[in-house]
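See structure below.
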Amino acid sequence: ENSSEEETFKILVTHPEVPQEALDLMSRGCKLIMCESLPPNRTEILQKAKGVHGMFWGSHIPLDKEVLDVAGPQLKSISTMSAGIDYVDVEELKKRKIPLGHTPIVLSDAVADLAMGLMLSAARRFHEGRTKIDSSTWENYHIEWMWGQDIRDSTVGFFGFGSIGQAIAKRLKGFDIERVLYTTRRPIDKKLEKQFNAQKVEFHELLAQSDFLFIAAPLTPETEGIFNSTAFPKMKKTAVLINIARGPIVNQDDLYTALKTNQIFSAGIDVMYPEPLPANDKLLTLPNIVITPHIGSATKRTRTDMATIAAHNVLRGLVGEPMLSPAY
Ligand code: DGY
């Protein structure tokens with residue numbers, strides 16, 4: 001227990017709707033400075049950051065030098081409530097020796113569930129089917145009407161084969177797929193390769209051979225825009241692309257063209273740019289794309305787990321203990 005006012009750690013909580021479980025954990029022994037704006041607002045964060053020791057970063061607002069400067073040199077612990085940390089200036093935090101936590105792993109099952117939904121709905125044309133109903137243009141007297149792609153015996157590719165990719169591969173085991181190909185920055189355990197019948201390949205092979213291709217990698221300077229007008233023509237015309245990672249890994253204009261001109265069969269995406277996507281975006285005019293509004297981790301259990309882990313990360317960082325899930 002901290003006795004005097006000076007010794008009490010102050011934690012800035014940048015989102016008013018952080019699950020109570022996490023707030024309860026942090027408020028035992030620390031003073032919480034709550035942000036109240038919705039959507040979360042940078043100006044309010046900057047106003048309240050001065051003098052805090054910890055930050056519970058509950059949105060995708062850029063966490064950069066300006067925020068750290070405003071907070072001051074006593075700042076010693078930050079956690080995001082997300083797996084992706086592309087909006088964080090990691091180099092700047094490292095330079096200042098401020099530990100950063102994030103919340104991977106706990107969301108992998110929820111994101112993988114959504115990825116399966118996108119895969120099935122893009123393969124079997126759910127969105128287009130609904131538009132046929134709305135416009136009374138059923139033509140099911142044609143034998144070939146609304147034919148989609150089979151999943152059985154397919155080759156499934158993973159651009160990134162970490163915790164989320166592996167959770168998707170685990171679900172696919174029930175679908176009698178032929179094999180798994182993947183590219184990754186990090187080496188994968190041989191045991192895992194065996195377990196998933198997975199083989200590491202070069203990016204161009206991943207493009208050329210995948211019937212279903214999941215993007216499950218972080219957004220970095222290396223991955224930004226890598227799915228573009230050079231990549232799409234290398235894919236199968238029957239291929240289905242699923243993106244549950246970050247929008248800018250895909251060049252969205254090029255994706256539009258690839259879908260419009262049937263360079264690939266269809267796409268299912270939970271991430272895009274900008275988010276929110278304007279209602280008049282040309283992607284929304286295509287029949288062969290299924291789009292969800294970045295809801296991969298949006299379940300009560302998953303978001304609560306993410307918040308709890310983020311809270312533990314912040315608390316551990318404050319007392320100089322290793323975080324539960326450090327970002328570096
Ligand atoms: C993540 O965890 O990175 C998701 O995009 C939700 O924030």
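Laboratory data are not the source of any read-out in this text; all were calculated from the coordinates shown. These figures come from a predicted structure and were not determined experimentally. Because the Cβ atoms are built from the backbone with ideal geometry, glycine has one as well, and the counts that use them run over all protein chains shown.
Identify, please: which residue in region 287-306 is of a type in the set (S, T, N, Q) and more than 13 Å from the ligand (Cβ to nearest atom) and is, among those, surrounded by the most Cβ atoms within 10 Å (Cβ to Cβ)? Steps first, please.
Going through region 287-306, the residues of a type in the set (S, T, N, Q) turn out to be 288, 292, 297, 299, 302, 304.
With the extra rule that they be more than 13 Å from the ligand (Cβ to nearest atom), the set shrinks to 288, 304.
Working: Asn288: 18, Thr304: 16.
Top of the filtered list is Asn288.
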*What single numbered condition from (1) within 19 Å of the chain's Cα centre (by Cα); (2) in a helix (DSSP H, G or I); (3) among the β-branched types (Val, Ile, Thr) fails to hold for Thr103?*
(2)
*asked:* Consider region 134-147. How many of its residues are on the phi < 0 side of the Ramachandran plot and either polar (S, T, N, Q) or in contact with a strand residue (DSSP E or B) (Cβ under 8 Å, 6 or more places away or on another chain) (or both)?
replied: 3
*Checking Ala245 against (1) part of a loop (DSSP other than H, G, I, E, B); (2) under 23 Å from Met146 (Cα atoms); (3) small (Gly, Ala, Ser), which single condition isn't satisfied?*
(2)
*Would you call Ala279 away from the ligand (no atom under 16 Å from the Cβ) and not in a helix (DSSP H, G or I)?*
yes
*Applying the selection to region 117-132, what residues are surrounded by 24 or more Cβ atoms within 10 Å (Cβ to Cβ) and away from the ligand (no atom under 16 Å from the Cβ)?*
Met119, Ala122
*Just to be sure, is Ala22 closer than 30 Å to Ile164 by Cβ, more than 21 Å from the chain's Cα centre (by Cα), within 16 Å of the ligand (Cβ to nearest atom) and surrounded by 20 or more Cβ atoms within 10 Å (Cβ to Cβ)?*
yes
*Taking region 66-106 only, how many residues are at positive phi and touching a residue at least 60 places away in the same chain (Cβ under 8 Å)?*
1
*asked:* Restricting to region 199-229, name every residue that is touching a Gly at 6+ places or on another chain (Cβ under 9 Å), more than 19 Å from Ser154 (Cα to Cα) and of a type outside the set (Val, Ile, Thr).
replied: Ala217, Pro218, Leu219
*Might you check whether a residue that is closer than 30 Å to Cys30 by Cα, within 16 Å of the ligand (Cβ to nearest atom) and part of a loop (DSSP other than H, G, I, E, B) occurs anywhere in region 307-316?*
no
_Odd one out for Thr137, checked against (1) assigned to a helix (DSSP H, G or I); (2) over 15 Å from Ala239 (Cβ atoms)_ = (1)
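For region 43-74: of the residues being more than 27 Å from the chain's Cα centre (by Cα) and either outside any helix (DSSP H, G or I) or of a type in the set (Phe, Trp, Tyr) (or both), which is nearest to the ligand (Cβ to nearest atom)?
Step one: list which residues in region 43-74 are more than 27 Å from the chain's Cα centre (by Cα), which gives 47-48, 50-53, 69-74.
Adding the requirement that they be either outside any helix (DSSP H, G or I) or of a type in the set (Phe, Trp, Tyr) (or both) leaves 50-53, 72-74.
Numbers: Lys50: 26, Gly51: 27, Val52: 22, His53: 24, Gly72: 27, Pro73: 29, Gln74: 27 Å.
For region 43-74, the residue satisfying everything is Val52.
So which residues in region 250-276 are crowded, with 17+ Cβ neighbours inside 10 Å, in a loop (DSSP other than H, G, I, E, B), within 14 Å of the ligand (Cβ to nearest atom) and of a type outside the set (Asp, Glu), if there are any at all?
Step one: filter region 250-276 for residues crowded, with 17+ Cβ neighbours inside 10 Å, giving 250-252, 254-256, 258-259, 263-272.
Imposing the further condition that a residue be in a loop (DSSP other than H, G, I, E, B) reduces the set to 251, 263-265, 270-272.
When the remaining residues are screened for being within 14 Å of the ligand (Cβ to nearest atom), the result is 270-272.
Result: Val271, Met272.
With the requirement that a residue be under 18 Å from Asn313 (Cα atoms) and within 13 Å of the ligand (Cβ to nearest atom), what does region 93-116 give you? Reasoning before the result, please.
Of the residues in region 93-116, the ones under 18 Å from Asn313 (Cα atoms) are 93-94, 96-107.
Of everything in region 93-116, those that are under 18 Å from Asn313 (Cα atoms) and within 13 Å of the ligand (Cβ to nearest atom) turn out to be Gly101, His102, Thr103, Pro104, Ile105, Val106, Leu107.
Examine region 76-84 for a residue that is touching a strand residue (DSSP E or B) at 6+ places or on another chain (Cβ under 9 Å), over 30 Å from Ser163 (Cα atoms), part of a loop (DSSP other than H, G, I, E, B) and more than 16 Å from the ligand (Cβ to nearest atom), and state whether such a residue exists. Give the steps one after another, and end with the answer.
Residues of region 76-84 that are touching a strand residue (DSSP E or B) at 6+ places or on another chain (Cβ under 9 Å), as a first pass: 76-82.
Imposing the further condition that a residue be over 30 Å from Ser163 (Cα atoms) reduces the set to none.
Checked against the condition, which is being touching a strand residue (DSSP E or B) at 6+ places or on another chain (Cβ under 9 Å), over 30 Å from Ser163 (Cα atoms), part of a loop (DSSP other than H, G, I, E, B) and more than 16 Å from the ligand (Cβ to nearest atom), region 76-84 yields no hits at all.
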